Number of protein chains: 2
Amino acid sequence: MLSQKMLSLGKKSSSIREIFEYSKKRKAEIGSENVFDFSLGNPSIPAPKEVDDAIKGFIDSFDSIDLHGYTSAQGDMQVRETIAKSITERFDVPASANNIYMTCGAAASLTISLKAIINEGDEVILLAPYFPEHKVFAENAGAVVREVLCKEPRFEIDFSELEMAVNKNTRAIIVNSPNNPTGVVLSEDNIKRLSEFLNEKQKQFGREITIIADEPYRELVYDDEVVPYIPKYYDNTIVCYSYSKSLSIPGERIGYIFVSPKMENSEDTFFAVCGAGRSMGYVCAPSLLQRTVAACEGIKPDLSAYDKNRKALYEGLTKIGYSAVRPDGAFYLFVKALEEDAAAFCERAKKYELLLVPSDSFGVSGYVRIAYCVGYEQIANSLPAFEMLYKEYNEEK
Amino acid sequence: MLSQKMLSLGKKSSSIREIFEYSKKRKAEIGSENVFDFSLGNPSIPAPKEVDDAIKGFIDSFDSIDLHGYTSAQGDMQVRETIAKSITERFDVPASANNIYMTCGAAASLTISLKAIINEGDEVILLAPYFPEHKVFAENAGAVVREVLCKEPRFEIDFSELEMAVNKNTRAIIVNSPNNPTGVVLSEDNIKRLSEFLNEKQKQFGREITIIADEPYRELVYDDEVVPYIPKYYDNTIVCYSYSKSLSIPGERIGYIFVSPKMENSEDTFFAVCGAGRSMGYVCAPSLLQRTVAACEGIKPDLSAYDKNRKALYEGLTKIGYSAVRPDGAFYLFVKALEEDAAAFCERAKKYELLLVPSDSFGVSGYVRIAYCVGYEQIANSLPAFEMLYKEYNEEK
């Protein structure tokens, strides 16, 4: 009598969630300092002071009825103007409030965007490795998912693979850069080539192919890495943004959808976004948080803690002998498992209290994801465990 | 290339939204004090002091990473325990944290609950007059909507009408008491009879029929009116709650779903709720707000302003000669239009700067909804306009 699809989605917790539960149990048994849990992508740096100051400031200075009242479904006009101005200034892309729809975070941005543009049977391309929920969201919108494997070792787009996957039913492709789980930022060359490729395919099939740019990690990049802003290169783009990672407020659920005005039917797409949000019960994004992120627009997170972790982990592991993708952004390290079966490798890592996520749910095999948004001590203390694990495999050879 | 359903949902703003836009324009022309806008159900009393105190208190005392971090998808455990305890104490209904799923408000509660239980082709019954978005939400879940007219003048459930509508495809019925748009609270007798009726139908058709109780107005009742808590009377119940109206924070989007543990497959239903939330991108309800409403659980709103409006408006209008449903709760008055065509009546009311909502979008004809969550002066100043409108109709006779 229930929707079996929803029941199974609700019952089958993600593999990440399962590790999280194991971790809780194990920490209770042997002490949390002895468990090296690298499973969750939960920011480990506090929100910038400006976030809490903004919240308190609004409460002290704003009329309660205005502050906590409904905003329009698209979001508060002033908030949207602030964000649009910031997009134009930072990325040299035209943007107005009428292109911005405030959402409850990146997941909502994605489900709403997909629902707006997908008709039953349309195909959505995921570039593997991809964030597992992308598949859930695309299927929820009625799409058929096609996975396209990226090219090792840096997981840039493989155009010969993409060529084989794009067809007359292709409606969208989700691009997630900086990437979860690899931390890789797609190069400007890669984005330019993708843009040319898709423009050609649009012509060939006489239909639109939209890039849905999932960008929660845009602000989390190291060594002055530049993340190309896709609407600058490809007109038919919807950007899904979230402040979860940049402002370390993942629980507050606040982000936006930017429908590029350069899109041919941009205005109607925006209407469809409004309709999709409405159909799923997103009345408006939390009003206090809308104002807060607008007040904090442009504030850069202090990434020094993540960067320190990144270097220590990448250098530590490669020195031992592991092979890993050097991450440009986000807070994940993608490491080659020491046997073909990544799940078996993760099981063996547990012996050393190392909790890693096998890459299979990200659409590729043979890797593990290590989320390094943890305390630095955990990185430092875990390296001997990684070394023992490595030795165990090498003694077998 | 877009989803035409979403496009039309996004383009066709509700009639309420259209009046709101007209109102803005008209206020700019003749001054806002001269426009009597009764269209929007936006709370007009400030949030209780405890809400803002709680928010500031959490920011000052909580660790930032915990406070703004993800909660579990169902919501923070302590928050859910607080709410479950409150349900048990106030309504004498068993409830535990495992029955509570925190949401982004009543609309999200409804879309998630419906998606969890509906299979393509299932029928959902709406008791007219109903909140127009109920139809949007039920259809989004893939349900076929059946409207059942309630019995005038008090709009209690009409069981002979209901008898004709319930069939082997009926899967759920949405009950909204206190009701938007009538303000009527369904009596205990009505709820008991509904419960008996549905239990019989469940037996007859050998399938579950779930009551989805949409209760954002539960706390907004006058004259010590008691609102029967449906899970006490009917086992197969899901309660959709929101703090929007009780705490005057509609923009903050916070509420919950309570899956009655007395439901036969309560545990699986809860899983399906989790799956439905996940599929639509509801990662968790805003964490700061979750904690805030738990801290404010049990705080009663000061309804004196609404009650004063209610009395002034109801007495003022009936004295003039209008016929209206005396509201027990919420902040709406449902008034008989002075001609059959409610939309035409509303057009004529505009001449006197009275902005009312015709009842057609609520599934009944011949009435108007007046939202009296406005300043008292607006009520007082509008009565002469209502009188002129009434005279205009009577002079024609």
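Tell me which of B:N34, B:S64, A:I16 sits at the most positive position along the dipole axis of the protein assembly as shown, charges placed on C-beta atoms (Lys, Arg +1; Asp, Glu -1). Result: A:I16. Per-residue shielding of B:62-75, expressed as the average number of other chain Cβ atoms within 10 Å of the residue Cβ, stands at 5.
Between chains A and B, what is the buried accessible area in Å², counting both sides, with a 1.4 Å probe and ligands, DNA and RNA left out, to the nearest 100? Chain pair A/B: roughly 6000 Å² of buried accessible area. Averaged over the residues of peptide A:261-271, the number of Cβ atoms from other protein chains lying within 10 Å of each residue's Cβ is 2. The order of the peptides B:93-106, B:180-193 by mean Cβ neighbours within 10 Å, most packed first, is B:93-106, B:180-193. In this assembly of identical copies, the label point of A:S13 (Cα plus 7 Å along Cα-to-Cβ) is separated from its counterparts by 4.4 nm, sorted shortest first. Inter-chain neighbour count for A:284-291: the average number of beta-carbon atoms from partner chains within 10 Å of each residue's beta-carbon is 6.
Applying a threshold of 25 Å to the alpha-carbon distances of A:K115/A:K135; A:K24/A:K245; B:K27/B:K351; A:K49/B:K85; A:K12/A:K135 flags A:K49/B:K85 as lying beyond it. Using the average count of surrounding beta-carbon atoms within 10 Å as a protection proxy, the listed peptides B:274-287, A:356-369 rank, highest first, as B:274-287, A:356-369. Start at zero, step by 10 Å, and the Cα-Cα distances of segment A:278-354 spread as 14, 28, 22, 18, 18, 0 percent across the bins.
Computed over the alpha-carbon atoms, segment B:1-126 gives an Rg to Rh ratio of 1.07, Rh here being the Kirkwood radius from the mean inverse distance. Annotation: A:L40 carries an accessible surface of approximately 50 Å², with a 1.4 Å probe and no ligand, DNA or RNA atoms counted.
All other residues whose Cβ lies under 11 angstrom from that of B:F271 are scored, Lys and Arg at +1 and Asp and Glu at -1, for a net of +1. Remark: segment B:256-375 carries 32 Å² of accessible area per residue (probe radius 1.4 Å; ligands, DNA and RNA excluded). The share of accessible area on segment B:1-123 that comes from carbon and sulfur is 51 percent, using a 1.4 angstrom probe. Work out the P(r) tail for the protein assembly as shown: percent of alpha carbon pairs separated by more than 52 Å, whole number. The proportion of pairs with Cα distances above 52 Å equals 15 percent.
For chain A, the longest principal axis of the alpha carbon atoms and the long axis of helix A:188-205 meet at an angle near 60°. Evaluated at q = 0.10, 0.14, 0.15 Å⁻¹, a Debye calculation over the C-alpha positions of chain B (equal weights, vacuum) places log10 I(q)/I(0) at -0.68, -1.30, -1.44. What's the center-to-center distance, using Cα atoms, between segment A:348-382 and segment A:205-267 in Å? So the separation of the two Cα centres works out to 28 Å. Accessible area per residue (1.4 Å probe, heavy atoms of protein chains only) ranks A:F20, B:F38 as A:F20, B:F38, with the largest value leading.
Of the residues A:V239, A:V226, A:G251, the one whose Cα sits farthest towards the positive end of the charge dipole of segment A:212-251 is A:G251 (charges of +1 on Lys and Arg Cβ, -1 on Asp and Glu Cβ, taken about the Cα centre). Across segment B:132-138, coupling constants 3J(HN,Hα) worked out from phi with the 6.51/-1.76/1.60 Karplus curve, θ = phi - 60°, read x, 5, 4, 5, 4, 5, 5 Hz, and Gly and Pro carry x. Once the Cα atoms are used to define both axes, helix B:304-320 deviates from the longest principal axis of chain B by about 40 degrees. Relative to the dominant Cα principal axis of chain B, helix B:266-279 is inclined by about 70°. Sorted from shortest to longest, the distances between the B:P94 label points of this copy and the other copies are 6.4 nm, with each point 7 Å from Cα along the line through the beta carbon. Counting Lys and Arg as +1 and Asp and Glu as -1 over every other residue whose Cβ lies under 14 Å from the Cβ of B:Y393, the net charge comes to -3.
Overall, chain A carries a charge dipole of about 600 debye about its Cα centre when +1 sits on the Cβ of Lys and Arg and -1 on the Cβ of Asp and Glu, all other atoms neutral. Under 12 Å of direct C-alpha separation, and excluding same-chain neighbours fewer than eight residues apart, B:K168 reaches these aspartates and glutamates: B:D122, B:E123, B:E208. Three principal axis extents of segment A:97-176 based on alpha-carbon atoms, in descending order, are 37, 27, 23 Å. Computed from phi, the 3J(HN,Hα) profile of segment B:88-95 under the Karplus parametrisation 6.51, -1.76, 1.60 (θ = phi - 60°) reads 4, 5, 7, 10, 6, 10, x, 8 Hz, with x in place of Gly and Pro.
The packing ranking of peptides A:258-264, A:385-391, highest mean first, is A:258-264, A:385-391, where packing means the average number of other beta carbon atoms within 10 angstrom of each residue. Ligands, DNA and RNA left out, the 1.4 Å accessible surface of segment B:152-247 is 44% carbon and sulfur atoms. When you restrict to C-alpha pairs under 8 Å that are six or more residues apart and normalise by the size of segment B:176-327, the relative contact order lands at 21 percent. Inter-part distance, segment B:16-66 to segment A:95-165, computed on C-alpha centroids, equals 36 Å. Kirkwood radius and radius of gyration were both taken over the C-alpha atoms of segment A:1-73, and their ratio Rg/Rh is 1.21. Relative to the Cα centre, the charge distribution of segment B:17-130, modelled as +1 at Lys and Arg Cβ and -1 at Asp and Glu Cβ, gives a dipole magnitude of about 300 debye. Largest first, the extents of the alpha carbon coordinates of segment A:241-397 on the three principal axes equal 62, 31, 28 Å. Per-residue SASA remark: B:H134, around 0 Å² accessible (1.4 Å probe; ligands, DNA and RNA not included). A label point on B:G206, set 7 Å along the Cα-to-Cβ line, lies at 5.1 nm from each of its counterparts in the other copies, closest listed first.
Over all directions, what mean area does the Cα convex hull of segment B:55-94 project, stated in square nanometres? Taking the Cα atoms of segment B:55-94, their convex hull projects to 3.6 nm² on average.
The values are calculated or read from the model by the stated rules, or taken from the named source; none is laboratory data. As the structure is a prediction and not an experimental result, all values here were calculated from the model. Here Cβ is always computed from backbone atoms with ideal geometry, including for glycine, and neighbour counts include all displayed protein chains. We work out accessible area using only protein heavy atoms, side chains counted, and drop any ligands, DNA or RNA first. Shrake-Rupley method; radii C 1.70, N 1.55, O 1.52, S 1.80 Å.
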